[in-house]
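Structure, as structure tokens:
The values are calculated or read from the model by the stated rules, or taken from the named source; none is laboratory data. Just so you know, these numbers come straight off a predicted model, no measurement behind them. Virtual Cβ from ideal backbone geometry, glycine too; neighbours counted across all protein chains shown.
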Amino acid sequence: MRILITGGSGQLGREWVSFLNRKEVEFISLPSADLDVTDHADTNRVLSNLRPDLIINCAAYTKVDQAEDEPEKAFQVNEKAVGNLAKYCAQKKIKILHFSTDYVFPGTKEDMEKFPEGYTEDHPTKPINVYGSSKLAGEKAIQDSGCNYLLIRVSWLCGKYGSNFVKTMLKLAEDRDTLKVVNDQFGCPTFAKNVVENCWQLIEGNEEGVFHLTSKGKITWYDFASEIFKQAGVDINLEPVDSSAFPTKAKRPAFSLLSTEKIANISGVSLIEWEEGLKSMLAELKV
């Protein structure tokens, strides 16, 4: 099997490279600098030359607030480019593995009460910001293409590569004695290493369709920060605050929990407690 990773220089892309280097499998990883997925003609030329059996699409526009000011760019990457990859997969009868987000759901406090175990894969979508809308459009582009696909929704993604909440907290703590952290947004972290390991089980099991993949648990960002500093042995004063203390251009969901009941029943899949995922990540960062 020949695998192509798009967006190979990002958080998930680099995690895939690290994982596949330990497998006896042929793969090529192309960072956005080498393959601009929004250039459809060039993308089709590259795909025709490489002739992959599987595309793992890690290319994405992820600047949530900036998307409000440049929606065309967000949709160009998260919808149109995805649709182009999916059409190629449909024509060549190969599979695409694509990553989406909890932001496709409305994330209301009412939903937190109605769905305490989180949103299921078939729950009605209703994004509240441009980023979420662009990711949902990408999902629909894949589903409308007729290709064989694995569509994985994750939330609060963290890993040893790239930028994420864990790294931000540790960096801020280097020169601050006190940090204010939001305590009214609920969800659960997803750790990139666990994502890749479980997605590989889905690939080997020839699974297809939509799956939610996160760690176990339900916490706030404040809870997450508290555990980060506890495990890292950092002495800092944390102050829980409401979201209103940090106004953002893009609205954020109050509830981002994804139900993992479906994927938990797949053979070989191993879901971890979020504290365990954090411990593993900090060990990789040598913290």
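Below, the figures for the structure above:
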| quantity | calculated |
| --- | --- |
| Qualifying residue in the stretch 64-77 (condition: under 17 Å from V196 (Cβ atoms) and modelled with pLDDT of 95 or more) | no |
| Residue check, L172 closer than 30 Å to R51 by Cβ and either touching a residue at least 60 places away in the same chain (Cβ under 8 Å) or hydrophobic (A, V, I, L, M, F, W, C) (or both) | no |
| Single match in G233, G268, G217 (criterion: touching a helix residue (DSSP H, G or I) at 6+ places or on another chain (Cβ under 7 Å), without any contact (Cβ under 8 Å) to a residue 60 or more places away in the chain and not aromatic (F, W, Y)) | G217 |
| Within the stretch 255-287, considering residues that are part of a strand (DSSP E or B) and surrounded by 13 or more Cβ atoms within 10 Å (Cβ to Cβ), the one nearest to the chain's Cα centre (by Cα) | L258 |
| Meets criteria (surrounded by fewer than 20 Cβ atoms within 10 Å (Cβ to Cβ) and on the phi > 0 side of the Ramachandran plot) for G118 | no |
| Within the stretch 149-189, considering residues that are β-branched (V, I, T) and under 30 Å from N206 (Cα atoms), the one surrounded by the most Cβ atoms within 10 Å (Cβ to Cβ) | V154 |
| Residue in the stretch 139-147 that is of a type in the set (S, T, N, Q), part of a helix (DSSP H, G or I) and surrounded by fewer than 21 Cβ atoms within 10 Å (Cβ to Cβ) present | yes |
| Test result for S100, touching a helix residue (DSSP H, G or I) at 6+ places or on another chain (Cβ under 8 Å), among the polar types (S, T, N, Q) and not in a helix (DSSP H, G or I) | yes |
| Helices (runs of 4 or more DSSP H) wholly inside the stretch 159-254 containing at least 3 residues that are of a type outside the set (V, I, T), farther than 25 Å from Q66 by Cα and out of contact with any strand residue (DSSP E or B) (no Cβ under 6 Å at 6 or more places or on another chain) | 192-204, 221-232 |
| Number of positions in the stretch 138-177 that are under 19 Å from G118 (Cβ atoms) and among the acidic types (D, E) | 1 |
| Criterion: closer than 17 Å to K160 by Cα, without any contact (Cβ under 8 Å) to a residue 12 or more places away in the chain and of a type outside the set (K, R) - qualifying residue of N21, N49 | N21 |
| Exclusive hit being closer than 25 Å to G13 by Cβ and modelled with pLDDT under 95, set K279, K286, K193 | K286 |
